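Visitor: Before I ask anything, let me first share the structure, which is written out below as structure tokens.
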Amino acid sequence: MLPRYENKLNEIRGMISLMLSQIIQSSEETLKAFETDNEELYETSRTYIKNIQVDANKIDNEIIKTFALFGPEADELRLLVAYLKMTNEIDRIGDGLKKYSKRLHDHCQGGCDMSVLSNAIIQLHKTTINALQYIIGCLNAIEACDADDVYRKVMVEESKNDDLFSIMEKELLTLIIDANELAVEYVRVLGTLRKLERIGDRTVNIASLMLYAQKGGELKLHN
């Protein structure tokens with residue numbers, strides 16, 4: 001392909017990397033807000049991703065224009081398809097993170113005793129940040145990146161994520177049974193934490209797309 005095409009790919013990759021970096025910043029601020037019980041940080045965390053859907057649409061438009069202008073074939077086509085699907089996953093991560101941040105803030109202000117879950121929530125949250133950092137590291141050093149290695153690392157974090165969520169699910173079910181008037185609130189807490197569990201799944205989807213872009217083969221994503 002012509003240098004112009006390579007420049008366009010680099011531009012698209014840079015836009016995707018910027019979206020991921022904003023999500024990581026937002027996620028780190030939300031975690032810090034929870035750890036320090038700082039209400040202002042919850043609001044700050046959401047400002048990083050307030051335009052995430054607009055940004056995703058811009059990237060999609062650039063990818064579609066690239067299809068039209070350059071008519072890529074084979075490997076190049078596979079890469080652009082992977083990027084197109086990747087922006088959708090990142091957009092959905094951003095949407096889930098916004099909801100998670102808002103609802104976690106509400107829970108911490110409400111009557112639920114979150115202390116019994118605090119350590120597990122922190123560890124669960126860190127698994128998603130770690131996975132996203134592996135992905136952005138690969139995007140920022142694409143020529144040297146081993147997609148197989150990134151996929152394995154992301155899968156390890158997602159496995160931790162699943163284990164931690166299962167532990168908290170059992171804890172919350174016990175709390176729901178014993179909570180009486182707070183039972184409904186603890187059910188909501190479980191739904192909020194499931195947002196993080198789903199983010200873990202979506203990081204695996206992104207790692208799968210990176211592997212597909214680099215190696216080809218069959219592509220399978222979580223629904």
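The values are calculated or read from the model by the stated rules, or taken from the named source; none is laboratory data. This is a predicted model, so every value here is computed, not measured. Please note: Cβ atoms are built from the backbone with ideal geometry, for glycine as well, and neighbour counts cover all protein chains shown. For accessibility, only protein heavy atoms count, side chains too; no ligands or nucleic acids. Shrake-Rupley method; radii C 1.70, N 1.55, O 1.52, S 1.80 Å.
Visitor: Which residue is least open to solvent (accessible area, probe 1.4 Å), if the candidates are limited to region 114-125 and must be of a type in the set (S, T, N, Q) and under 18 Å from Glu39 (Cβ atoms)?
Guide: My answer is Ser118.
Visitor: Restrict the check to region 93-113 and report whether at least one residue is free of Cβ contacts under 8 Å to residues at least 12 places away in the same chain, surrounded by fewer than 18 Cβ atoms within 10 Å (Cβ to Cβ) and more than 19 Å from Leu193 (Cα to Cα).
Guide: Among the residues of region 93-113, not one is free of Cβ contacts under 8 Å to residues at least 12 places away in the same chain, surrounded by fewer than 18 Cβ atoms within 10 Å (Cβ to Cβ) and more than 19 Å from Leu193 (Cα to Cα), which makes the answer no.
Visitor: Okay, moving on. Is region 33-46 home to any residue that is assigned to a helix (DSSP H, G or I), in contact (Cβ under 8 Å) with a residue 40 or more places away in the chain, closer than 20 Å to Ile206 by Cα and open to solvent by 30 Å² or more (accessible area, probe 1.4 Å)?
Guide: Within region 33-46, none of the residues are assigned to a helix (DSSP H, G or I), in contact (Cβ under 8 Å) with a residue 40 or more places away in the chain, closer than 20 Å to Ile206 by Cα and open to solvent by 30 Å² or more (accessible area, probe 1.4 Å).
Visitor: Okay, next question. Going by what's in this entry, would Asn205 be described as without any contact (Cβ under 8 Å) to a residue 60 or more places away in the chain, out of contact with any Pro (no Cβ under 6 Å at 6 or more places or on another chain) and either on the phi > 0 side of the Ramachandran plot or buried (at least 20 other Cβ atoms within 10 Å of the Cβ) (or both)?
Guide: No: the conditions fail for Asn205.
Visitor: Right, here's the next one. Given the condition under 25 Å from Gln109 (Cβ atoms) and in a helix (DSSP H, G or I), answer yes or no: does some residue in region 52-62 qualify?
Guide: Looking through region 52-62, at least one residue is under 25 Å from Gln109 (Cβ atoms) and in a helix (DSSP H, G or I).
Visitor: Does region 126-147 include one or more residues that are at pLDDT 95 or above, part of a helix (DSSP H, G or I), of a type in the set (A, V, I, L, M) and surrounded by fewer than 16 Cβ atoms within 10 Å (Cβ to Cβ)?
Guide: Looking for residues that are at pLDDT 95 or above, part of a helix (DSSP H, G or I), of a type in the set (A, V, I, L, M) and surrounded by fewer than 16 Cβ atoms within 10 Å (Cβ to Cβ), one finds none in region 126-147, hence no.
Visitor: Hey, among Leu164, Leu173, which residue is free of Cβ contacts under 8 Å to residues at least 40 places away in the same chain and more than 18 Å from Asp106 (Cα to Cα)?
Guide: Matching residue, one of Leu164, Leu173: Leu173.
Visitor: When region 156-198 is examined, which residues are found to be open to solvent by 40 Å² or more (accessible area, probe 1.4 Å), polar (S, T, N, Q) and closer than 17 Å to Asp113 by Cα?
Guide: Result: Thr174, Asn180.
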